[in-house]
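**Q** My questions will all concern the structure given below.
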Amino acid sequence: MGEYALQKDELTTNILKMRNGAAEQMALITYYGLSGYFKSLMAFGRKSKVTKDNLNVIKEMHRILKKERSLLDFILRNIDKVDVDAATDVVDTLDDLNDKTVTYYYNVMDDIDDACEVKEENRGIRPKKNFLTLTESSSYANQVVALMENESNLKSFLGYEDEFWEFIRPYKKSINVRLDEMAGMFYAIPIYNPDDTVATISLLVPEVVSLDSALLAIKIYEEAYRIYKHLNKPYKSSKSEDMTLRLKYENDYLSSKAVRVLN
């Protein structure tokens, strides 16, 4: 069995472990949440925010784990189509977030239990989080859905004319590398005529296999398009960076796609 197949098998195994572990997590959260509810009911009464928060914990974790399952199922369904390294990074991110989320909710329930023991309701007030859960942020769903993005999707999103894509085709190279190490190697630069007008373009773009690679590719294509619009004219690259199109891609395009394909 080749290295790629081994990586894919390992990724599949990790996803299945996370899915199976979610059922146990939900059972434990439900058990401790209901136990805390009855303790709080006796200590502070039915109308207490602390009493009600035990049930909130159960409801919130149920929604979170349901969302996590839908994300993991999406990756499993497309395991033969996604880039294994990129998918592994996303699954690791989801796993880390799950650990952080479960730890937070256990701490909430521990605080409620302590409050019931000493009959001090304020000690059971939920502390603020320093992170967003799966149901509070669309960024995780965007990362998952972006695993199925490709250059054709970016072309459709960008909406540049066919003549531009045909023009850059002979001059464009693309490679798949880990962007945390090599993001700075990608470029779109003008090649000048002797009179300092633009003759053509040289560009190296990342292969689109993840959210980060898609965003970087958009940045490179934007610059390439600006250069293209200055063929046979002088051109100087702007030092200011415009994030508008990349934010639209992530916050509008991908978020809308995530709602469609995950639900």
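**Q** Set the Förster radius R0 to 45 Å, insert the Cβ-Cβ distance between Asp99 and His230 as r into 1/(1 + (r/R0)^6), and round the FRET efficiency to 0.05.
**A** 0.35
**Q** Tilt of helix 3-44 relative to the longest C-alpha principal axis of the chain, in degrees (0 to 90, nearest 10)?
**A** The two axes meet at around 40 degrees.
**Q** Subtract the Cα-Cα distance of Phe131 and Leu16 from 0.36 nm times their separation in residues, and report this length gain in nm to one decimal.
**A** Roughly 38.9 nm would be gained on extension.
**Q** Here's a follow-up. Using 0.36 nm times the number of residues separating Asn251 and Arg77, minus their current alpha carbon distance, what extension gain do you get?
**A** Working it through step by step, the gained length comes to 60.2 nm.
**Q** Need the list of aspartates and glutamates near Lys8 for cross-linking: C-alpha distance under 12 angstrom, and skip anything on the same chain fewer than eight residues off.
**A** Those aspartates and glutamates meeting the cut-off are Asp80, Asp83, Asp85.
**Q** Near Tyr253, within a Cβ-to-Cβ distance under 14 Å, what is the net charge of the other residues, with Lys and Arg +1 and Asp and Glu -1?
**A** Within the 14 Å Cβ shell, the charges total +2.
**Q** Relative to the present Cα-Cα distance, how much length would full extension add between Val259 and Asp85 at 0.36 nm per residue of separation?
**A** 60.2 nm
**Q** Which of the aspartates and glutamates could a cross-linker bridge to Lys173, judged by Cα under 12 Å and excluding same-chain residues fewer than eight apart?
**A** Cα-Cα hits under 12 Å: Glu207.
**Q** Right, here's the next one. Please list, by residue number, everything in segment 45-85 whose backbone N is under 17 Å from a paramagnetic label point 7 Å out along Cα→Cβ of Leu6.
**A** Under 17 Å, as judged by backbone N against the label point of Leu6, lie 84-85 of segment 45-85.
**Q** Next question, about the same structure. Select from Lys155, Lys47, Lys100 the residue whose mean-square fluctuation is largest in a Gaussian network model of the chain (Cα-Cα springs shorter than 10 Å).
**A** Lys47
**Q** Once the Cα atoms of helix 84-118 and of the chain are each reduced to a long axis, what angle between those two axes, in degrees from 0 to 90 to the nearest 10, is obtained?
**A** 30
**Q** Can you grab the distance from the C-alpha centre of segment 111-169 to the C-alpha centre of segment 207-244, Å, no decimals?
**A** Centre-to-centre (Cα) distance: 25 Å.
**Q** Within 12 Å, Cβ to Cβ, of Asn78, how many net charges do the neighbouring residues add up to if Lys/Arg are +1 and Asp/Glu are -1?
**A** That sum, taken over residues with Cβ under 12 Å, equals -1.
Every number here is computed from the coordinates shown, using simple stated rules; none is lab data. Fair warning: this is a prediction, and the values are worked out from it, not measured in the lab. Quick reminder, even Gly has a Cβ in these numbers, built from the backbone with ideal geometry, and neighbours come from all protein chains shown.
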